[in-house]
Each structure stands twice: as C-alpha cells, then as structure tokens.
Amino acid sequence: MSYNPILDLPKSRMYRDMTALGFYNLDGATLVRGEMRSYQYAIQVYLELIDSIAGGWWPLDCTLERLSQWEEVLGLPLRPRATEEQRRQTVLDLLSLGEQLRGPGGVERLLLAAGIRGRVEEDYPHRRLLVTVEEFGEEYDSIYQCMDRARQLLPAHLEVVFEFGGPDWTQWEAAAGTWSAFDAADLTWQQRDRAENL
C-alpha cells in the first residue's frame, strides 16, 4: 500500500485534530496512538478497495465484461448486431434519464434507450400512453423485445399502446405483386417499414 500508517500518521488530519484537542499524548508508543494507527490502516484498506471497484465502472470506458454486466442489470435485450459504441451509449442513456422522464418528451427519450424511436401522446381519460412507433434499432432482433423492455421502464400505472405506421399488408402485397416476390426481396422489417424497394 502507498500509505504507511506508522510513518504517515503524524501527517494525517486525524492526528492533527486529535492533537489539537490536547486530551491525548500521541507521542511515542501510547495506546491511543496505536489505536489511531489501526483505524487509519483499516480506512486506507477500505479506500483502496473503493478505488479498485470504481476503476473502469463508467460505461463509456469500462471493459466489455463490465459493459455486459451493465446491460444485464438494466435489463437490455440482446443486440447481436450492435456496435460497441451503440451498446455503451444505450447504457449511458438509461443511466442518465433520471429527472428527465417528465412528460411525453421524457418518455420518448426513455423509448430511445429501449431501442424505439416514436412519438408519444398521453391519453389521460383512459390512463394510457399511445406510442406511434417510427422505427426500432437495427441492432435489435425483435421489436417485441424493445416493447417489453419499454413497458418495464414506463410508468406501471399507465397502459402502453404501441401503434405502427408505414405500409400495411395490403400495400406490401400490391407493391410486391406476389408473396413470393415479397419474400424474395429479403428485407428486414425496418426496411419494409420504411417502404424501401416497394
């Protein structure tokens, strides 16, 4: 350890404060001085332990193992296609929400952290939130994972209704001509929602 409780004790604030009281003889091998050394040693060990735990905990620069732990703690769905930067930013977004959750704007930020971009309307008479989904992150496998996670994060006393824009089945069928052509396009649902190649 960098701190030597015997040699460095006189430099400490504890030593100075106790000496200033004038109650104790802190020179030589007194019982009080020995007790103070043991306290300071224990405090130093504790502080070094805190430093070792705190090192590398921040999501933007922590290890990938610690990042996975953050994702697990926050209940984020698996995102096999997410870049490391996207993973770190999502964790940071969820941790930084705090007081920003008030009103529809706050709910929209929360939805972004759960992988959904959309508009939110509050339906007070029916005690629900209407979420018009515009898109969900390319790195997610399923919009349903994002919706489940969003429901966990949104206020529990409100029903959440997700509505999806974009082309409907009739429009897809008309644009593709046949369902075989629809399947052959091999587009992701995000691409289909944006009406790409329709």
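When you scan segment 139-156, how many residues do you find that are more than 17 Å from ARG81 (Cβ to Cβ) and at pLDDT 80 or above?
5
Which of the residues belonging to segment 128-167 are within 23 Å of the chain's Cα centre (by Cα) and among the β-branched types (Val, Ile, Thr)?
Within segment 128-167, VAL131, VAL133, ILE143, VAL160 qualify.
Looking only at segment 19-47, how many residues end up being of a type in the set (Asp, Glu) and in a helix (DSSP H, G or I)?
So the answer is 1.
Tell me which residues, restricted to segment 157-198, are closer than 24 Å to ARG119 by Cα, assigned to a loop (DSSP other than H, G, I, E, B) and at pLDDT 75 or above.
Result: HIS157, LEU158.
For residues that are assigned to a helix (DSSP H, G or I) and surrounded by 12 or more Cβ atoms within 10 Å (Cβ to Cβ), scanning just segment 48-72, find the one that is modelled with the lowest pLDDT. Lay out the reasoning, then the answer.
Step one: list which residues in segment 48-72 are assigned to a helix (DSSP H, G or I), which gives 48-54, 64-72.
If we keep only those that are surrounded by 12 or more Cβ atoms within 10 Å (Cβ to Cβ) as well, we get 48, 66-71.
Values: GLU48: 77, ARG66: 86, LEU67: 88, SER68: 88, GLN69: 86, TRP70: 86, GLU71: 85.
Checking each candidate, the answer is GLU48.
Check every one of the helices (runs of 4 or more DSSP H) wholly within segment 77-156 and list those with 2 or more residues that are open to solvent by 70 Å² or more (accessible area, probe 1.4 Å), acidic (Asp, Glu) and free of Cβ contacts under 8 Å to residues at least 24 places away in the same chain.
Once the helices (runs of 4 or more DSSP H) in segment 77-156 are filtered for at least 2 residues that are open to solvent by 70 Å² or more (accessible area, probe 1.4 Å), acidic (Asp, Glu) and free of Cβ contacts under 8 Å to residues at least 24 places away in the same chain, what remains is 84-95.
The values are calculated or read from the model by the stated rules, or taken from the named source; none is laboratory data. Nothing here was measured: the structure is a model prediction, and the numbers come from that model. Note that we place each Cβ from the backbone using ideal geometry, even for glycine, and neighbour counts take in every protein chain shown. For accessibility, only protein heavy atoms count, side chains too; no ligands or nucleic acids. Shrake-Rupley method; radii C 1.70, N 1.55, O 1.52, S 1.80 Å.
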